[in-house]
């Protein structure tokens, strides 16, 4: 054992623990009786129909929303806003970014954007920004404005911002939305690489499981108003997915052992 | 319009010296604020704040208070009021426009009640850099120091909160408090700038130089420096031209700013598009192979 804070060593706390959690928003219960444990180092698909509360789960973990009942722990501690061990990429994130910010600046904000006061970025900080950009394959367009980048490039930069501070838990909300097939496959490959490089836990909200299946180890699925957790093989079953989406879903296993889901 | 042979001497008169110093202070402040106004997509609010200042100025004349005070009170109050309205841009725009219209009406009412002479009202609407007093200069100096120091302290979290509010909030940045702080700084800037270029022309000094700078570079330090340089050039060249032909400086200040912007726009017309990307929006290619789960 290396004794680092990362990886599934016995001392490493689970990435996320819910114990009887319910969450209320605007007087409406989004979901309740949430009891589950997401182990450290997992790559977790967060799935469920629209409006089931997938993004809400992230907001709980980020400390942006209080639980109405129950107990929640993120990386071994109650959630709090500004937890630097969590990297976050919201949904439709890149749509709002304007002309004023370069890819490099955006990644830098993930490192020092919360700091007040006048200071120049240090050599070490610049090296970490360069490193994050390189790890997501965005070094070539580091100096370009976000508005000049394609959707896939923007998503890479957003992920670079989320990992630049060496997060132990990545929360990615629909990172594959609006990406074409090649770009979304590249992002999935990138997630697999990130997880291999250092045992970070990755939770990905997705409405389409297929592109993510090669890297997913676990899933959290929101079914009948409650969140559940299981390993991915138990989730990708025709009964469960059909129930989950309310429409007939078939699971196909290719000769190579790849899993696919099909509707109808 | 007649060319003034003695324009160099005119530039050395006390009122011209005041105009140069006052205009420069405003240019520095407006140039810096412009960057944040654009990253926050708050240009309309900046424009509206100037109009909201109008009843402040005419109201001050009505009750015999200093015009700067009236402007400051109404701009800050109006800014906070706009800030109270929803986070959604569309909602905010409608609220801002409505408050703007009401404020302008109020300004007209105060002006007629105060039986202010036409030139006082004209000064508020179109600015009069040549009427800046020694007292106002001290006030402008104080405002400038306040805004520049405050901006320096909050710059980084403010940029974070502006371009990336959801992540900034998750990272512990006080997004709402920064929004309020920003609107107060903007109100102070507008209070000064109104007295230089007036309510109606303010946009050209608070937004246009920064917009031109942002076309040329996106390096934050360079944007700030260029934006301030453009604003300063507008004020200085505008004042010299005004002295040369003996006409109010507002027109010339604004014209230089607009000219710079226009030239930059032409020079950079090919920039800003990734190869193969459409003019608006990103890729929305449809996945052709994988069938959706649903």
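The values are calculated or read from the model by the stated rules, or taken from the named source; none is laboratory data. Only a predicted model underlies this, so the values are computations on that prediction, with no experimental measurement involved. Note that we place each Cβ from the backbone using ideal geometry, even for glycine, and neighbour counts take in every protein chain shown.
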The lone exception for residue A:227 - which of (1) crowded, with 23+ Cβ neighbours inside 10 Å; (2) more than 14 Å from the chain's Cα centre (by Cα); (3) at pLDDT below 90 it fails: (3)
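For segment A:166-177, what are the residues that are surrounded by 20 or more Cβ atoms within 10 Å (Cβ to Cβ) and either closer than 30 Å to residue A:11 by Cα or within 11 Å of chain B (Cβ to nearest Cβ) (or both)? Give the derivation first.
Our first condition is that a residue be surrounded by 20 or more Cβ atoms within 10 Å (Cβ to Cβ); within segment A:166-177, this holds for A:167-176.
The answer is A:167, A:168, A:169, A:170, A:171, A:172, A:173, A:176.
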Qualifying helices (runs of 4 or more DSSP H) (wholly inside segment B:176-266; at least 3 residues being within 16 Å of residue B:130 (Cβ to Cβ)): B:220-245
Regarding segment A:240-253, can at least one residue be identified that is in a loop (DSSP other than H, G, I, E, B), at pLDDT 90 or above and either farther than 21 Å from residue A:54 by Cβ or more than 9 Å from every other protein chain (Cβ to nearest Cβ) (or both)? no
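Yes/no matrix, rows are residues, columns are (1) at pLDDT 85 or above; (2) over 21 Å from residue B:196 (Cα atoms):
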| site | (1), (2) |
| --- | --- |
| B:98 | yes, yes |
| B:107 | yes, no |
| B:114 | no, yes |
| B:122 | no, no |
| B:125 | no, no |
| B:139 | yes, no |
| B:143 | yes, no |
Based on what the data block shows, is residue A:182 within 29 Å of residue A:161 (Cα to Cα), within 21 Å of the chain's Cα centre (by Cα), surrounded by fewer than 17 Cβ atoms within 10 Å (Cβ to Cβ) and modelled with pLDDT under 85? no
Among the residues of segment B:206-213, is there at least one that is crowded, with 24+ Cβ neighbours inside 10 Å, more than 11 Å from the chain's Cα centre (by Cα) and facing chain A (nearest Cβ under 9 Å)? no
Of residues in segment A:201-212 being in contact with a strand residue (DSSP E or B) (Cβ under 9 Å, 6 or more places away or on another chain) and facing chain B (nearest Cβ under 10 Å), the one surrounded by the most Cβ atoms within 10 Å (Cβ to Cβ): A:209
Conditions (1) within 17 Å of the chain's Cα centre (by Cα); (2) surrounded by fewer than 24 Cβ atoms within 10 Å (Cβ to Cβ); (3) more than 13 Å from every other protein chain (Cβ to nearest Cβ) -> residue A:123 fails only (1)
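Just a yes or no: is a residue in segment A:74-96 more than 14 Å from every other protein chain (Cβ to nearest Cβ) and within 27 Å of residue A:207 (Cβ to Cβ)? Step through it out loud before you land on a result.
Restricting attention to segment A:74-96, the residues satisfying the condition of being more than 14 Å from every other protein chain (Cβ to nearest Cβ) are A:75-78.
If we keep only those that are within 27 Å of residue A:207 (Cβ to Cβ) as well, we get A:75.
Scanning segment A:74-96 turns up at least one residue that is more than 14 Å from every other protein chain (Cβ to nearest Cβ) and within 27 Å of residue A:207 (Cβ to Cβ).
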Would you check if there is a residue in segment B:58-73 being outside any helix (DSSP H, G or I) and under 30 Å from residue B:222 (Cβ atoms)? no
Could we say that residue B:258 is over 20 Å from residue B:6 (Cα atoms), within 16 Å of the chain's Cα centre (by Cα) and surrounded by fewer than 18 Cβ atoms within 10 Å (Cβ to Cβ) here? yes
Residue B:101 touching a helix residue (DSSP H, G or I) at 6+ places or on another chain (Cβ under 9 Å) and without any contact (Cβ under 8 Å) to a residue 24 or more places away in the chain: yes
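Let's see how each residue does on (1) at pLDDT 90 or above; (2) within 30 Å of residue B:9 (Cα to Cα); (3) out of contact with any strand residue (DSSP E or B) (no Cβ under 6 Å at 6 or more places or on another chain):
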{"residue": "B:222", "(1), (2), (3)": "yes, no, yes"}
{"residue": "B:225", "(1), (2), (3)": "yes, no, yes"}
{"residue": "B:231", "(1), (2), (3)": "yes, yes, yes"}
{"residue": "B:235", "(1), (2), (3)": "yes, yes, yes"}
{"residue": "B:240", "(1), (2), (3)": "yes, yes, yes"}
{"residue": "B:248", "(1), (2), (3)": "no, yes, yes"}
{"residue": "B:254", "(1), (2), (3)": "yes, yes, yes"}
{"residue": "B:265", "(1), (2), (3)": "yes, no, yes"}
{"residue": "B:277", "(1), (2), (3)": "no, no, yes"}
When you go through (1) surrounded by fewer than 22 Cβ atoms within 10 Å (Cβ to Cβ); (2) closer than 30 Å to residue A:178 by Cα; (3) away from every other protein chain (no Cβ under 14 Å) one by one for residue A:44, which number turns out not to apply? (1)
In the set A:34, A:70, A:20, which member is exposed (fewer than 15 other Cβ atoms within 10 Å of the Cβ), at pLDDT 90 or above and not in a helix (DSSP H, G or I)? A:20
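Residue B:155: modelled with pLDDT under 95, crowded, with 22+ Cβ neighbours inside 10 Å, in a helix (DSSP H, G or I) and within 20 Å of the chain's Cα centre (by Cα), yes or no? Before you say what the answer is, go through the steps one by one.
On the way: modelled with pLDDT under 95: yes; crowded, with 22+ Cβ neighbours inside 10 Å: no; in a helix (DSSP H, G or I): yes; within 20 Å of the chain's Cα centre (by Cα): yes.
In short, no.
For the structure I just gave you, tell me whether residue A:193 is away from every other protein chain (no Cβ under 11 Å), out of contact with any strand residue (DSSP E or B) (no Cβ under 9 Å at 6 or more places or on another chain) and at pLDDT 90 or above.
Details: away from every other protein chain (no Cβ under 11 Å): yes; out of contact with any strand residue (DSSP E or B) (no Cβ under 9 Å at 6 or more places or on another chain): yes; at pLDDT 90 or above: yes.
So residue A:193 fits the description; yes.
Answer yes or no as to whether residue B:141 is crowded, with 19+ Cβ neighbours inside 10 Å, within 19 Å of the chain's Cα centre (by Cα) and touching a residue at least 60 places away in the same chain (Cβ under 8 Å).
On the way: crowded, with 19+ Cβ neighbours inside 10 Å: no; within 19 Å of the chain's Cα centre (by Cα): yes; touching a residue at least 60 places away in the same chain (Cβ under 8 Å): yes.
No: the conditions fail for residue B:141.
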May I ask you to verify whether residue A:249 is surrounded by 17 or more Cβ atoms within 10 Å (Cβ to Cβ) and in contact (Cβ under 8 Å) with a residue 24 or more places away in the chain? no
For residue A:232, state whether it is over 30 Å from residue A:144 (Cα atoms) and either away from chain B (no Cβ under 11 Å) or in contact with a strand residue (DSSP E or B) (Cβ under 6 Å, 6 or more places away or on another chain) (or both). yes
How many residues does segment A:1-17 hold that are over 18 Å from residue A:219 (Cα atoms), modelled with pLDDT under 90 and within 20 Å of the chain's Cα centre (by Cα)? 4
Breaking point among (1) touching a helix residue (DSSP H, G or I) at 6+ places or on another chain (Cβ under 6 Å); (2) in contact (Cβ under 8 Å) with a residue 12 or more places away in the chain; (3) surrounded by fewer than 23 Cβ atoms within 10 Å (Cβ to Cβ), for residue B:85: (2)
